[in-house]
1. Taking θ as phi - 60°, what are the ³J(HN,Hα) couplings along region 41-46 by the Karplus curve (6.51, -1.76, 1.60), each to the nearest whole Hz, with x for Gly and Pro?
2. Using the structure shown, list the pairs from Lys40/Lys98; Lys18/Lys141; Lys98/Lys128; Lys76/Lys143; Lys40/Lys141 with a Cα-Cα distance above 20 Å, or answer none.
3. Starting from the Cα-Cα distance between Lys105 and Lys128, subtract it from 0.36 nm times their residue separation and give me the gain in nm to one decimal.
4. By how many nm would the segment from Val49 to Ala135 grow when fully extended, if each residue of separation counts as 0.36 nm and the alpha-carbon distance is taken off?
5. Using modelled backbone amide H atoms (1.01 Å from N, in-plane), which distant-in-sequence or interchain residues come within less than 5 Å of Cys152's amide H?
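The numbers here are math on the coordinates, done by the rules we state, and not lab data. Small disclaimer: the values here were computed from a predicted structure and weren't measured.
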Amino acid sequence: MNAWSKMDPVLPSLPNLKRLELVIDEYENFALLHLASFIKESPCMHTLVLRLSRSWGKKSPFAKKRAAKCSHACLKVVEIVGYSGQSRQTELVMYLTKSARNLEKIVFNPVARWGPSFDRLRDHSAVKDEEWSRAQARQLKEKLPATLEVVCL
């Protein structure tokens, strides 16, 4: 069984971790719970990079049991790679802005694909998708705290 599919993953304490990069399957039902677990176990984390992995699974609401109780004081910067403006991604952003009470900056990086085989020569439809994703990020910015710096790459 995939560790990410467990409702209550067991994670080690990461008290000195400053930067964390996670690949998140945005369609995994327990993605918010897992993210909350990492946040809880990384009290000194300053930077969080979420690489969204698109799967073709069923889109169901995130399981939120205990995820809403997570709070983080040190997290200042969040980057979301693979942002496309889908409702579940918006849900992740809203969760992070509420959980990270001192968040200063959020970066939306709407690349169509990421990873070592990423080809910088994209076709026209990929560029259009990225433009639409940037527009979604600018629209979401209106719902975020005015004190939060929002960057769209």
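1. Result, rounded to whole Hz: 7, 10, x, 9, 4, 9.
2. Lys18/Lys141; Lys98/Lys128; Lys40/Lys141
3. Length difference between fully extended and current span is 5.7 nm.
4. 28.9 nm
5. Phe108
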